Amino acid sequence: MRIVKPIGLSIELILIVALATLMLCVTAGSGQAAIQQISPTAPPIPTAGRLAQPKSSRQVGVPAAATRAAIPKDNPQTPEKIALGQKLFFDGRLSADGSVACSTCHDPARAFTDRRPASIGIKGRAGQRNAPTILNALYNKTQFWDGRAKSLEEQAALPIVNSVEMGQPSLQATVDQIAGIAEYQEAFKRAFGTSPNGGDLLRAIACYERTQLAFDSSFDHFIAGDPGAIDPSAKRGWELFNTRARCNKCHALTEEKRDPTNFTDNDFHNIGIGIIRHNVVELARQAEQRVASGDSLAVDSAAIQTDFSVLGRFLITKKQSDIASFKTPNLRNVLVTGPYFHDGSQETLWDVMDHYNKGAGLHNPWLDEDIQPLALSEQDIDDVVAFLASLTSADYKEQGLRELTRQRALSRTERPQRDTARAFGPKPDRPKPPAP
Ligand code: HEC
Ligand code: HEC
């Protein structure tokens with residue numbers, strides 16, 4: 001079972017939680033983790049402050065054509081829909097007991113994440129995955145770490161009915177809960193000319209999310225022609241990113257041309273995260289039987305609530321080569337959206353770099369070919385981190401500086417992932433996947 005760090009809890013609370021967890025464990029089936037309760041209630045709902053406002057599309061670095069292409073024909077942006085979506089995004093009344101909003105886990109003050117390893121939702125229940133940011137999510141070709149939703153509209157329906165997130169029995173239950181509220185009746189009428197209904201609720205939330213463009217970083221100013229916008233270390237880091245550090249193999253649209261926009265190939269890879277803790281072959285066999293392809297609710301709860309979570313893209317495609325593959329994330333604002341990876345298992349960008357530098361170093365037959373020892377020096381690692389830090393948007397600049405100081409201090413004393421012998425050693429043999 002995953003150990004989730006209880007943040008800021010008293011000893012008594014931890015004991016109660018441990019007991020509750022134990023009781024839940026006893027009732028759980030084999031191969032699946034029980035629902036873990038981290039606290040008696042969900043964390044408080046963040047309010048919509050300045051950082052929640054729709055963002056300008058005139059920020060330095062905004063890719064104009066890609067931004068237009070990210071707006072679907074059947075759900076154009078309008079000010080009325082955006083305003084309704086923003087209201088819904090911050091409203092706990094969408095959840096079963098009124099305690100959880102989208103913003104609970106996607107808090108603008110935390111760059112639209114919750115800064116926890118894995119999210120905590122209704123009744124203090126914990127999931128297995130780290131909450132990605134909503135910033136720039138409009139550019140994602142698929143949503144979720146395993147790409148199980150194709151659009152923001154499709155995505156928004158799932159947390160509402162997930163039993164550890166917002167806990168509703170159905171989308172209609174949410175609609176029923178807000179249908180009587182005069183403010184919503186008026187807002188739906190203004191935005192869609194209808195009374196509150198599920199399809200339009202999802203459309204409005206997606207419209208709001210599509211206003212969350214986050215560019216205007218020092219790196220954007222550098223690319224736009226200001227050579228002094230980033231320091232020499234970050235410049236060396238950008239160079240390494242595209243050469244010896246091999247990051248561009250996945251964090252770029254193509255390997256041929258440098259890609260300063262979203263730092264993703266929109267593809268899925270096994271880079272060796274979390275896999276060591278599980279017998280994935282056995283899990284994959286069980287998942288094949290239990291989670292029928294195409295049943296999006298079953299896949300969603302398997303991904304969020306069970307040990308099957310580690311199987312990643314396999315849960316959707318059932319292809320062996322997709323075992324423990326996850327979506328290459330956009331790297332913008334990565335400094336302020338940690339902890340890192342789909343399971344939030346790494347605390348600092350230095351830990352992330354150590355992971356890549358040693359070539360994951362695990363016996364994992366599905367490990368991507370592009371994960372291999374990198375032989376990066378400490379200076380190289382600092383440089384790549386400096387580059388990653390330069391991707392922080394102006395809105396989060398001060399937060400980023402504080403976070404960089406915190407992570408750097410940690411990295412000088414704690415480097416749990418560092419394995420210099422492996423990083424500078426030969427490429428290890430890879431075990432063959434078991435016969436299908
Ligand atoms: C209890 C915490 C929680 C709540 C509440 C929640 N989310 Fe999330 N969200 C997550 C987690 C965790 C993931 C990643 C899950 C996965 O990939 O399997 C996620 C993923 C996403 C993604 C995909 C981003 C990407 O880069 O792939 C979007 C978009 C999103 N959530 C929007 C929403 C919206 C809209 C709501 C409200 C209707 C919402 N979330 C409610 C925790 C939460
Ligand atoms: C083989 C493809 C591949 C290569 C090469 C690669 N990445 Fe990644 N990266 C991914 C994938 C896939 C994930 C998500 C994996 C997961 O969570 O299981 C990821 C996650 C990350 C994250 C965590 C982001 C977050 O929001 O949690 C960072 C930071 C990162 N990569 C930076 C880099 C850097 C820097 C390099 C070069 C040293 C690099 N990556 C090389 C595919 C790759």
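The table below gives the values:
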read-out: Extended-chain gain in nm, criterion 0.36 nm per residue less alpha-carbon gap, residue 321 and residue 394; value: 22.3 nm
read-out: Relative contact order (%) - the chain, alpha-carbon pairs under 8 angstrom, separation at least six; value: 17 percent
read-out: In the range 100-192, trypsin sites (Lys or Arg not before Pro) in a DSSP loop with at most 15 other beta-carbon atoms within 10 Å; value: 141, 150
read-out: Restricting the range 308-406 to GluC sites (Glu not before Pro) in coil, as DSSP defines it, with at most 14 other Cβ within 10 Å; value: 369
read-out: From the C-alpha gyration tensor of the chain, square roots of 5λ in Å; value: 33, 28, 21
read-out: Length released on extending from residue 405 to residue 93, taking residue separation times 0.36 nm less the Cα-Cα span; value: 108.5 nm
read-out: Projected label distance in nm at residue 53 and residue 69, using a 7 Å step from Cα toward the beta-carbon; value: 3.1 nm
read-out: 19 Å Cα-Cα reach of residue 432 towards lysines, excluding residues that sit fewer than 8 places from it in its own chain; value: 318, 319
read-out: Given 257/358; 358/427; 123/189; 55/327; 55/257; 73/249, the pairs whose alpha carbons are separated by over 21 Å; value: 257/358; 123/189; 55/327; 55/257; 73/249
read-out: Kirkwood hydrodynamic radius over Cα pairs of the range 85-166, then Stokes diffusion coefficient at 37 °C and 0.692 mPa s, in µm²/s; value: 256 µm²/s
read-out: Cleavage-rule hits (GluC sites (Glu not before Pro)) in the range 209-259: DSSP loop, at most 10 neighbouring Cβ within 10 angstrom; value: 256
read-out: Dipole of the range 367-436, positive end: most advanced residue of 372, 394, 413 [Cβ charges, Cα centre]; value: 413
read-out: Normalised contact order of the range 333-436, rounded percent, pairs of Cα under 8 Å and 6 or more residues apart; value: 41 percent
read-out: Inter-label distance, nm, simple model (7 Å from Cα along the C-beta direction), residue 226/residue 279; value: 5.7 nm
read-out: Cα centroid of the range 59-84 to Cα centroid of the range 261-333, whole Å; value: 29 Å
read-out: Calculated FRET value between residue 255 and residue 194, using beta carbons and R₀ = 45 Å, to 0.05; value: 0.45
read-out: Prolate/oblate/rounded call for the range 312-421, Cα gyration tensor, a/c under 1.5 rounded; value: oblate
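Readers should treat all values here as calculations from the given coordinates under stated rules, not as data from a laboratory. Because the structure is a prediction, the values reported are computed rather than measured. For neighbour counting, all protein chains shown are included, and Cβ atoms are generated from backbone atoms with ideal geometry for every residue, glycine included.
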